[in-house]
1. Please go through the range 35-56 and pick out each residue that is of a type in the set (A, V, I, L, M, F, W, C) and surrounded by fewer than 24 Cβ atoms within 10 Å (Cβ to Cβ).
2. Quick check, is L9 closer than 30 Å to L315 by Cα, aliphatic (A, V, I, L, M) and modelled with pLDDT under 90?
3. Checking the structure you have, find out if any residue of the range 191-202 is under 20 Å from A116 (Cβ atoms), in contact with a strand residue (DSSP E or B) (Cβ under 6 Å, 6 or more places away or on another chain), of a type outside the set (A, V, I, L, M, F, W, C) and at pLDDT 95 or above.
4. From the set of residues in the range 76-113 that are at pLDDT 75 or above and out of contact with any Phe, Trp or Tyr (no Cβ under 9 Å at 6 or more places or on another chain), which is farthest from H25 (Cα to Cα)?
5. For S188, indicate whether it is in a strand (DSSP E or B), polar (S, T, N, Q) and within 19 Å of the chain's Cα centre (by Cα).
6. Looking only at the range 156-185, filter to residues that are at pLDDT 85 or above and among the aliphatic types (A, V, I, L, M); which one of those is farthest from the chain's Cα centre (by Cα)?
7. Pairs please, first residue from the range 23-34 and crowded, with 22+ Cβ neighbours inside 10 Å and among the β-branched types (V, I, T), second anywhere and modelled with pLDDT of 90 or more and part of a helix (DSSP H, G or I), Cβ atoms under 6 Å, 6+ apart in sequence or on different chains.
Amino acid sequence: MLKKRNALLILIFLPFIIQGQQDYHFSQFFASPITYNPATAGAFNADIRGALTYRNQYTSVSEGYRTFAFAADAPIKLTNKSFDQNFLGAGISLVNDNAGIAGFNNFQISGNVAYAIDLGGTDQNPHFISVGLQFGYMQRSIDLSKVSWETQWTGTGFNQGLASGEPVSGAINESNIDLGGGVAWYNSINEQVKLLAGASVLHANTPTVDLLGSNESLQRKYIGHVSMAIYPENSSVTYLPNLFVMFQGPNRIIDVGSEIEFTLWERTEKTTHKNNLSTNLGAYYRLQDAIYFIGRVNYYDFSLGLSYDFTASKLNQANNGRGGVELVLSYRTRFSGPGYERQKLIRSKGL
């Protein structure tokens, strides 16, 4: 049974390790957009935002994926002139992904910088296009001493003291510089509709991935995304549709869905006598992979979101339909204090 389990896990994770083509992906991708498009750094209506993410996936197949992430970014105004709304955006993101009995670990840290050009918007209804660059460092590692091989089978069990007969063994790690870039367009179409759209290329320099001596390059990742916020007039409900598309070599991810935000009460216009409170419910479909649902509570400048993936592919035969749980704690603030105008901005999505 142990031998079969090890063989199964190797079959599951070895393609990711050798080819290096499978990156992390979050169901609540909109919570920290700088992780997939550096041009979105600072592209939101507040002074600073941050997000902590934890994802646990495929736990029914022994050691599944455990992913931790942190992202923070802020806009930097270049001038106090009212007619010049250009600004810089700066941010940092960290992701650590761990999976499998061999402890395959993928760590990435990236700095993001963007420059936004004002297209005639205002403070409350901005309209700009931005370009961004990502400069990152990535490290991948695996510990093959934790894996049992066929040559170590004694007839009654595995003896890891025996030679594996494999060309590589023990703990292996590799590090690389990782580069990327992107563009984003933000438009407050009117008081009721706001839009953020963008595209990016990550791993633009195709860093080498050769943990097992394969000497292959990490393929470029091409991403497109669209997010909207729709505020029906005289309504306490906000619609937040999202589309995310990613292509990386033979891999494809397409997420489409929406959340509906219900405002329970708004922040007091001039003071903090009462802080805003709202809740979100949403459903998404990841093409040929999963259906997932999201619940979120937003209070003051904080937002806590929980999502769960139900496998909708052939993999559900192995994991009994159980996919992954994801928890996101995000924070966003405007240092100038509370006010009615803040209630018109998208707090939980980052637009």
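1. Looking only at the range 35-56, we keep the residues that are of a type in the set (A, V, I, L, M, F, W, C), and these are 39, 41, 43-44, 46, 48, 51-52.
The answer is A46, I48, L52.
2. Values: closer than 30 Å to L315 by Cα: yes; aliphatic (A, V, I, L, M): yes; modelled with pLDDT under 90: yes.
Considered against the rule, which asks whether it is closer than 30 Å to L315 by Cα, aliphatic (A, V, I, L, M) and modelled with pLDDT under 90, L9 comes out as yes.
3. yes
4. Residues of the range 76-113 that are at pLDDT 75 or above, as a first pass: 76-78, 85-99, 104-113.
If we keep only those that are out of contact with any Phe, Trp or Tyr (no Cβ under 9 Å at 6 or more places or on another chain) as well, we get 90-91, 105.
Working: A90: 22, G91: 19, N105: 15 Å.
Looking at residues that are at pLDDT 75 or above and out of contact with any Phe, Trp or Tyr (no Cβ under 9 Å at 6 or more places or on another chain), I get A90.
5. Details: in a strand (DSSP E or B): yes; polar (S, T, N, Q): yes; within 19 Å of the chain's Cα centre (by Cα): no.
For S188, the condition - in a strand (DSSP E or B), polar (S, T, N, Q) and within 19 Å of the chain's Cα centre (by Cα) - is not met.
6. So, considering only residues that are at pLDDT 85 or above and among the aliphatic types (A, V, I, L, M), the one farthest from the chain's Cα centre (by Cα) is I177.
7. Partner pairs satisfying both residue conditions: I34/T40.
The values are calculated or read from the model by the stated rules, or taken from the named source; none is laboratory data. Here the structure is a predicted model, which means the values were calculated and not measured. Virtual Cβ from ideal backbone geometry, glycine too; neighbours counted across all protein chains shown.
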